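Below is one structure, written out as structure tokens, with a few remarks after it.
The values are calculated or read from the model by the stated rules, or taken from the named source; none is laboratory data. Just so you know, these numbers come straight off a predicted model, no measurement behind them. Ideal geometry is used to build each Cβ from the backbone, glycine not excepted, and the neighbour counts take in all protein chains shown. When the accessible area is computed, the model is the full protein with side chains, heavy atoms only, and any ligands, DNA or RNA have been set aside. Shrake-Rupley method; radii C 1.70, N 1.55, O 1.52, S 1.80 Å.
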Amino acid sequence: MPGKYPLLETINNPTELRALDRKQLPQLVEELRTFLIESVSKSGGHLASNLGAVELTVALHYVFNTPDDRLVWDVGHQTYTHKILTGRREAMATLRQLGGIAGFPKRAESEYDAFGTGHSSTSISAALGMAVAAQAEGSDRRAVAIIGDGAMTGGMAFEALNNAGAMDANLLVVLNDNDMSISENVGALNNYLAKLMSGRFYAAMRKGGEKVLGAMPPILELAKRAEEHVKGMVIPGTLFEEFGFNYIGPIDGHDIDVLVTTLSNLKQRQGPQLLHIATQKGKGYKLAEEDPCRYHGVAKFNPEDGVAEASGKLTYTQVFGDWLCDIAAQDARVIGITPAMCGGSGMVRFAQEYPMRYFDVGIAEQHALTFAAGIACEGMKPVVAIYSTFLQRAYDQLIHDIALQNLPVVLAIDRAGLVGADGPTHAGSFDLTFLRCVPNMLVMAPSDENECRQMLYTAFMHNGPSAVRYPRGGGTGVAIQQEMQALPMGEGEIRREGEKIAILAFGSMLMPALAAAEELQATVANMRFVKPLDEALTLRLAQTHDLLVTVEENAVMGGAGSAVLEFLESRGATVPVLQLGLPDRFVEHGDPAKLLAACGLDQEGIVRAVRARLAGLRVTE
């Protein structure tokens with residue numbers, strides 16, 4: 001008796017896919033879409049982008065000899081179909097769960113994942129490197145970069161295009177454009193042109209014409225210009241042609257037959273090629289088609305009505321979004337900036353209420369920070385909403401363009417610490433480490449939602465570069481104080497009086513520290529400021545306790561605990577210090593609470609580590 005997915009269930013690897021008759025591919029595509037909706041509704045994940053890339057993924061694996069031919073996916077949040085077709089169909093039930101498969105390509109997970117991703121605009125560079133390596137080896141292995149129109153806004157993509165166009169490596173770039181629609185007539189014309197221009201006949205005619213006209217340079221130049229103008233009238237490929245690519249498209253990215261034909265032709269072509277396809281995010285699921293942003297990253301949901309599981313408390317992201325609107329109402333100098341994360345960073349309401357003061361600069365983090373620096377130079381008050389893991393990409397701009405000039409730019413750093421299902425590519429594990437070493441920086445970490453609001457105001461009032469880093473998800477449930485008050489600069493607070501042991505908690509670690517302190521009868525300080533550190537409080541605790549414990553949701557190497565150690569060393573203090581934080585490894589994806597527990601950053605982990613350290617101290621006495 002046939003199963004729910006009669007064709008899909010027979011495909012366990014791309015070799016079996018390539019054995020199918022081409023006429024069977026539309027059925028496979030439909031089964032894949034149904035499977036994706038069902039699967040993601042149970043696990044959560046990226047839905048709209050994956051639904052839009054089904055035909056493309058099938059066509060790529062059908063035409064190219066993967067894994068020998070390399071497929072490099074940009075960002076990689078659209079690779080669920082790729083995972084399903086490469087032996088991980090059953091494992092989709094474990095997607096983004098602890099011990100399960102990752103939500104992004106991962107080299108250690110499959111030989112079909114040619115390059116690990118998670119961040120944007122890297123695919124062309126990586127695929128070009130693979131193409132050049134194949135060339136050096138004398139191999140005819142192909143390298144394909146699949147990049148979206150959003151990722152193409154990143155400067156790194158254009159750096160790679162510029163480099164690739166000057167080489168003769170066999171690189172194919174597939175531009176998956178899901179921000180444009182093709183009408184039926186134009187689509188048919190473009191599909192015809194794509195088949196024509198990607199075929200051997202067109203290539204031979206073009207090459208032969210160049211040979212014939214080569215003896216007459218002026219006529220050859222005229223012919224080339226004429227061809228460019230004709231192509232430019234019907235296809236938007238002039239820019240890519242100028243980079244040195246042979247441009248094909250745009251074609252309908254949901255027409256599997258056209259995709260297979262075009263890719264098959266391009267596989268035979270030499271040198272850099274660019275195929276431009278148009279797709280629809282959320283294709284095949286009406287709710288995702290109508291609102292692809294909402295279904296970009298989803299929690300578990302009911303596929304019948306699209307209703308997701310209820311969320312809990314007010315999130316830090318919402319706290320930031322509300323604060324930004326409130327401060328903008330008070331101060332006309334406020335400018336909000338985001339590198340393509342309006343919804344994720346909580347700026348939707350601000351964009352609606354203050355459209356002339358809102359700027360989404362695309363996936364261009366470096367530009368975002370220098371753009372903010374320029375705004376600050378003119379007396380405005382820029383606020384940059386950015387994920388911790390994406391801020392890493394703009395580190396030079398932070399140092400050179402903002403901090404060096406001591407400009408009043410506020411960095412609202414979301415997704416600090418572990419982020420759960422998205423894993424190490426999106427975890428904000430290093431920001432305290434790389435921020436605190438930069439001169440002129442003010443660095444704060446809130447322990448709850450209200451403190452986050454007040455810290456954002458403190459940063460806004462500071463006449464220099466500042467950063468407030470806060471975690472993903474819900475807060476502690478405290479009441480929000482609407483009146484904004486700046487915190488005393490560089491001052492922490494005692495939240496629990498104890499004896500012998502003092503826990504210095506930074507940001508999100510205050511709650512587990514307080515819970516652990518009940519068992520340990522310890523003092524707990526909410527440090528609040530990473531830079532400047534509350535030196536007076538730190539020294540007093542060192543002088544009145546037998547052991548200091550620093551706790552942070554950041555890499556333990558070079559983080560807030562290191563700041564405490566450095567200060568104590570400068571004062572000649574000899575109190576033992578136990579540093580707790582994220583270990584010196586990349587923490588995998590999974591439930592955030594379980595991940596923190598595995599890192600020893602929950603109540604039990606803190607108690608266990610402190611008791612072990614105390615036992616060690618007694619042995620050495």
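Using equal-weight Cα scatterers in the Debye expression, the normalised intensity of region 483-522 in log10 at q = 0.22, 0.35 Å⁻¹ is -0.74, -1.26.
Scattering from region 290-410 was approximated by placing one identical point on each alpha carbon and applying the Debye formula without solvent; log10 I(q)/I(0) at 0.15, 0.22 1/Å stands at -0.73, -1.28. If the chain linking Glu159 and Ala93 were pulled fully straight, counting 0.36 nm for each residue of separation and taking away their Cα-Cα distance, it would gain 20.0 nm. Determine, from the Cβ-Cβ distance of Ala612 and Thr476 and an R0 of 30 Å, the FRET efficiency 1/(1 + (r/R0)^6), rounded to the nearest 0.05. About 0.60, to the nearest 0.05.
Shape class of region 247-293 from the Cα gyration tensor (axes a ≥ b ≥ c, square roots of the eigenvalues): prolate, since a/c reaches 1.5 or more and a/b is larger than b/c.
Between Ala515 and Arg22, the FRET efficiency estimated from the beta carbon spacing at R0 = 51 angstrom works out to 0.25. Think of a 1.4 Å ball rolled over the protein heavy atoms: region 1-134 then has 34 Å² of accessible area per residue.
Shown here: Kirkwood radius over Cα pairs in Å, derived from the displayed model; of the candidates [x] 25.7; [y] 27.6; [z] 26.6, it corresponds to [z].
Using only Cα atoms and rounding to the nearest 10 degrees, what angle (0 to 90) does helix 155-164 make with the longest principal axis of the chain? The angle comes out near 40 degrees.
In the chain, the DSSP-assigned H stretches of four residues or longer account for a calculated mean residue ellipticity at 222 nm of -12000 deg cm²/dmol, using -39500 (n - 2.57) per stretch and the full residue count as denominator.
At a 1.4 Å probe radius, carbon and sulfur cover how many percent of the accessible area of the chain? Of all accessible area on the chain, carbon and sulfur atoms account for 54 percent. In this structure, the pairs whose alpha-carbon distance is over 27 Å, taken from Lys286/Lys594; Lys106/Lys267; Lys106/Lys281, are Lys286/Lys594. Per residue, the accessible area of region 514-621 comes to 45 Å², computed with a 1.4 Å probe over protein heavy atoms only.
Annotation: peptides 102-111, 606-615, ranked by per-residue average of other Cβ atoms within 10 Å with the highest first, follow the order 102-111, 606-615.
Between the C-alpha center of region 330-352 and that of region 1-57 there is a gap of 38 Å.
In order along region 165-177, phi translates into HN-Hα couplings of x, 8, 10, 10, 5, 7, 10, 10, 9, 9, 8, 8, 9 Hz, rounded to whole numbers, per the Karplus curve 6.51 cos²θ - 1.76 cosθ + 1.60 with θ = phi - 60° and x for Gly and Pro. Using only the Cα atoms of region 28-186, build the gyration tensor, take square roots of its eigenvalues as a ≥ b ≥ c, and label the shape rounded, prolate or oblate: rounded if a/c is under 1.5, else prolate if a/b is larger than b/c, else oblate. Here region 28-186 falls in the prolate category. Just check region 73-158 against the gyration tensor rule for me: Cα atoms, a ≥ b ≥ c as the square roots of the eigenvalues, rounded for a/c under 1.5, and otherwise prolate or oblate depending on whether a/b exceeds b/c. Oblate is the answer for region 73-158, as a/c is 1.5 or above yet b/c matches or exceeds a/b.
With contacts taken as Cα pairs under 8 Å and at least 6 residues apart, the chain reaches a relative contact order of 11 percent.
Taking a sphere under 11 Å around the Cβ of Met92 and counting the other residues whose Cβ falls inside, with K and R at +1 and D and E at -1, yields a net charge of +3. Per-residue SASA remark: Thr317, around 20 Å² accessible (1.4 Å probe; ligands, DNA and RNA not included).
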